[in-house]
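Written below as structure tokens is the structure these notes are about.
Every read-out reported here was derived from the displayed coordinates using simple, explicitly stated rules and does not represent laboratory data. Values in this document were obtained by computation on a predicted structure and should not be read as measured data.
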Amino acid sequence: MAAGAQVGLYVNPVATQISNSQVDPDPDPFGFLGANTTSRTFWGANIGGYYEFFHGEKTDVAIDVRDSIVHGNGASLNSFLIGARVSGKPIASLFVPYAQLSGGVGTSKAATSTIRQNRGTFDIYGGVDYRFSSHVDFRVIEIGYGTVSTINSGNFGGPTQLGSSRLLNFSTGLVFRIPVPGVVE
């Protein structure tokens with residue numbers, strides 16, 4: 001049986017734990033996580049979609065484009081990502097597992113500065129969607145891990161250049177699947 005291409009669209013809440021291996025030693029306007037901390041939880045949304053263009057016997061392949069926008073302690077991180085998504089066929093009736101590798105640009109802004117910094121970022125995601133109906137999935141859980149270099153005083157002549165921040169993402173929500181008319185694999 002031939003399967004048609006489809007588009008999935010989502011706007012889902014996300015919690016992101018952002019961690020550094022060391023504290024930015026100088027209280028300055030570029031302290032992204034805030035004073036005397038190496039970790040903070042940011043909250044926001046994943047806004048995106050995927051185009052599922054290949055249907056195999058056991059897997060489907062898609063291109064995913066997303067914008068993850070999170071805020072915490074007055075600071076913000078906006079990650080625009082493009083990635084490859086591979087999903088399995090439904091298991092245990094209607095559960096669809098998937099994995100994704102994405103890369104893009106992360107834009108960070110500290111709470112007390114108007115300057116934004118753009119740096120390369122990557123994320124690896126894994127999750128499970130539950131098929132409610134032919135056009136709506138419930139994203140039971142999505143967990144992601146990635147890195148990005150956030151703004152810090154070392155970027156502006158400060159004494160310590162911080163390494164990349166680690167990102168641990170948790171998300172859930174709805175995915176709306178739309179068949180693409182006239183496209184059949």
Check your understanding: Once the piece of chain linking L101 and I47 is laid out straight, how much longer is it, given 0.36 nm per residue of separation minus the C-alpha distance between them?
Key -> 17.8 nm
**Study point:** Reduced Cα scattering model of the chain, Debye log10 I(q)/I(0), q = 0.09, 0.12 Å⁻¹
**Key:** -0.37, -0.60
Exercise for review: Can you tell me the relative contact order of the chain? Whole percent, Cα pairs under 8 Å, sequence separation 6 or more.
Suggested key: 26
